[in-house]
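The values are calculated or read from the model by the stated rules, or taken from the named source; none is laboratory data. These numbers were taken from a predicted model, which means no experiment stands behind them. Because the Cβ atoms are built from the backbone with ideal geometry, glycine has one as well, and the counts that use them run over all protein chains shown.
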Amino acid sequence: MNHAATIRVLQEPALDGPTNMARDEALMLRVGRSKSAPSLRLYQWDPPTISLGYFQKYADYESLPPPAGRLAVVRRLTGGGAILHDLELTYSLTLPTSHRVLADGANRLYELAHDAVIAALEDLEIESARCGTTDDSSPSRGPFFCFARRHCFDVLIGASKVTGSAQRRTREAILQHGSIILANRFDQQPTAAVSLPFEQSIQHVRRLFVEHLAKVTGEPFEPGEWTTEELAAAESLTPKYAGAELNRRM
């Protein structure tokens, strides 16, 4: 299938963890095989869910005290620390490895996406910046939650992290997804939060992030819809993310 250069934008409602992760993987597989267009998903989570990094131990989640330890849990297809997804906007950007945005390497995608976050927050009169330094955390060492870790590409408001991202790379495609924290009801996950009411900020950031990502990449982004084939592919993957075999794999 021959797709135009336009990157399709899928604006989605809040979905549960297995559905969200299945949709991300379905896009990664289909975009890599040229069966789907390059795509940007913008989505939320319901119920609040902890996503484990691909290499994190399930026992670390089980040892969490409440309230976080009683939340739904799903394992991501990307690495890094756990994220408590609640009052946030999550993005996932899926591109074939041949895409011109990746001409300078996969790490450049972190910079571009996070520059778009910084510009979107600036439009809301919120000052943020890239972290610039990386700590020594790893799947087996360091804080459980991603937002207590630091990577040079992370976006901070003051000293607190507001956005972090992770990638899954195959020979055919790159999936990058990340969380833009807009408010925090769970003290167990240390994050920054924006100063606007959540329902107001989520609508602004959904729009502004797309606008600024188009500017920093120089690529056209246009609203799109899921195809029947894509939704079927995602639905077929959902049981994997809902099941114990993947979630308890470590």
Test for residue 42: is it under 17 Å from residue 243 (Cα atoms) and under 13 Å from the mean Cα position of the chain (by Cα): no
Residue check, residue 178 crowded, with 17+ Cβ neighbours inside 10 Å and either in contact with a Ser or Thr (Cβ under 7 Å, 6 or more places away or on another chain) or modelled with pLDDT under 95 (or both): yes
Any pair with Cβ under 7 angstrom, 6 or more apart, that starts in the stretch 226-250 at a residue that is more than 13 Å from residue 29 (Cβ to Cβ) and among the aliphatic types (A, V, I, L, M) and ends at one that is modelled with pLDDT under 95 and in a loop (DSSP other than H, G, I, E, B): 250/55; 250/56; 250/57
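Among the candidates 71, 52, 64, single out the residue that is surrounded by 21 or more Cβ atoms within 10 Å (Cβ to Cβ) and under 19 Å from residue 146 (Cα atoms).
52
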Elements of type strands (runs of 3 or more DSSP E) in the stretch 83-181, at least 2 residues being over 13 Å from the mean Cα position of the chain (by Cα): 88-96, 155-157, 160-169
Near pairs, Cβ below 8 angstrom, 6+ apart or cross-chain, from the stretch 29-50 (assigned to a strand (DSSP E or B)) to any residue that is at pLDDT below 95 and not hydrophobic (A, V, I, L, M, F, W, C): 43/13; 44/13; 50/61
Counted residues, the stretch 184-213 - those being closer than 30 Å to residue 99 by Cα and either in contact (Cβ under 8 Å) with a residue 40 or more places away in the chain or surrounded by 19 or more Cβ atoms within 10 Å (Cβ to Cβ) (or both): 10
Unique residue being in contact with a Gly (Cβ under 8 Å, 6 or more places away or on another chain), surrounded by fewer than 14 Cβ atoms within 10 Å (Cβ to Cβ) and of a type outside the set (A, V, I, L, M) when the list is 136, 104: 136
Lone unmet requirement of (1) outside any helix (DSSP H, G or I); (2) within 27 Å of residue 28 (Cα to Cα); (3) among the polar types (S, T, N, Q) for residue 189: (2)
Every residue from the stretch 216-230 that is surrounded by 12 or more Cβ atoms within 10 Å (Cβ to Cβ) and closer than 27 Å to residue 110 by Cα: 216, 217, 219, 221, 222, 224, 226, 230
For residue 26: the one exception among (1) touching a strand residue (DSSP E or B) at 6+ places or on another chain (Cβ under 9 Å); (2) surrounded by 22 or more Cβ atoms within 10 Å (Cβ to Cβ): (1)
Among (1) surrounded by fewer than 22 Cβ atoms within 10 Å (Cβ to Cβ); (2) of a type outside the set (Asp, Glu); (3) in contact with a His (Cβ under 8 Å, 6 or more places away or on another chain), the one test that residue 91 misses: (1)
Residues (among the polar types (S, T, N, Q) and free of Cβ contacts under 8 Å to residues at least 24 places away in the same chain) located in the stretch 52-89: 63
